[in-house]
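Everything on this sheet refers to the single structure shown next.
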Amino acid sequence: MQEIEPDEVLSPVAQQIARGVLRLMTDHGFAGVTEMTLANGRRADVAAIGPGGEITIVEIKSSVADFRSDQKWPEYRPFCDRFYFAVGHDFPQDLIPDETGLIIADAFGGAILREPEYEKLVAARRKAVTLRFARLAATRLCQPVIA
């Protein structure tokens, strides 16, 4: 698994939203990572695992242009129990599809404005995503030590 530095992919605005999303996830008992590559080659902006093993993916949209130019979000859905979009305070919320969750965030925190439907992953997929998550988190944790 090739490691990607999160700061190499996210714009400065998206980095601030990601920071707020991670703080929100932590407040809800989830552990999260940024920029996790999925088995289909897509890269989730934020992936988080809850206390019961539930998997959440959050796609960050830093602008309307970013949202309109990227319509691959349905390809994330098979890899999580819940899928959210996270946007800044000034993003027009009516653009976000109704079937997804909605988070408003900035560098200091976030709020869930709409919960998505819970679609339980099958056990084999959950295990694969959880292992990918664990390996990514462990790799990032060890990088300063082995560098």
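Read-outs: derived from the displayed coordinates by stated rules, not from any lab. Since this is a predicted model, take the numbers as computed values, not measurements. Because the Cβ atoms are built from the backbone with ideal geometry, glycine has one as well, and the counts that use them run over all protein chains shown.
Using 0.36 nm times the number of residues separating Arg68 and Glu117, minus their current alpha carbon distance, what extension gain do you get? Could you put the intermediate results ahead of the total?
Working: separation 49, 0.36 × 49 = 17.64 nm, distance 2.28 nm.
Extra length available between Arg68 and Glu117 comes to 15.4 nm.
Please arrange Thr34, Thr26 by how many other C-beta atoms lie within 10 Å of their C-beta, fewest to most. Present the calculation step by step, with values, prior to reporting the outcome.
Values: Thr34 25, Thr26 13.
Taking fewest neighbouring Cβ atoms as first place, the list is Thr26, Thr34.
Per residue of segment 33-42, in order, report the coupling 6.51 cos²θ - 1.76 cosθ + 1.60 (Karplus, θ = phi - 60°) as ³J(HN,Hα) in whole Hz, putting x for Gly and Pro.
Going residue by residue, I get 9, 9, 6, 9, 6, 8, 4, 8, x, 6 Hz, with x marking Gly and Pro.
[x] 1.07; [y] 0.98; [z] 1.03: which one is Cα Rg over 2.2 N^0.38 Å as calculated from this entry?
[y]
From the residues Val21, Trp73, Pro144, which one has its Cα farthest along the dipole of the chain in the positive direction, the dipole being from +1 and -1 charges on Cβ of Lys/Arg and Asp/Glu about the Cα centre?
Pro144
Along Cα→Cβ, 7 Å out, is where each label goes; now give me the distance between the ones at Ala128 and Asp90 in nm to one decimal.
4.1 nm
Between Asp98 and Thr139, how many nm apart are label points set 7 Å from Cα along the C-beta direction?
4.0 nm
Pick out which of Val129, Val64, Val33 has the largest mean-square fluctuation in a Gaussian network model of the chain, springs linking Cα atoms closer than 10 Å.
Between Val129, Val64, Val33, it is Val64 that shows the largest mean-square fluctuation.
Please state the charge dipole magnitude for the chain, taken about the Cα centre, from unit charges on C-beta atoms (+1 on K and R, -1 on D and E), reported in debye and rounded to the nearest 20.
Values: 17 positive and 21 negative charges, 123 e Å.
Charge dipole of the chain: 600 debye, to the nearest 20.
Determine the sum of side-chain charges near Arg23: Lys and Arg each +1, Asp and Glu each -1, restricted to other residues whose C-beta is under 15 angstrom from that of Arg23. Display every interim value, and only then the final one.
Values: positive: Arg19; negative: Asp27, Asp45, Asp106.
Local net charge: -2.
At most 15 other C-beta atoms within 10 Å and a DSSP loop state: those are the exposed chymotrypsin sites (Phe, Trp or Tyr not before Pro) I care about. Give me the longest piece of the chain that has none. All intermediate terms of the calculation are to be shown ahead of the outcome.
Working: sites that count: Phe108, Tyr118.
Longest gap between qualifying sites, sites excluded: 1-107.
On alpha-carbon atoms, Rg over Rh for segment 82-145 using Kirkwood Rh?
Working: Rg = 15.7 Å, Rh = 14.2 Å.
Rg divided by Rh gives 1.10.
Taking amide H atoms as placed 1.01 Å from N in the peptide plane, list the residues 5 or more away in sequence, or in a different chain, whose amide H sits under 5 Å from that of Asp106.
Those qualifying (amide H under 5 Å, at least 5 residues apart or on another chain) are Gly20.
Check each of the trypsin sites (Lys or Arg not before Pro) in segment 101-135 and keep only those in coil by DSSP with at most 12 other C-beta atoms within 10 angstrom; list them in order. The partial results should precede the final answer.
Values: sites: Arg114, Lys120, Arg125, Arg126, Lys127, Arg132, Arg135; in loops: Lys120.
Sites meeting the loop and neighbour criteria: Lys120.
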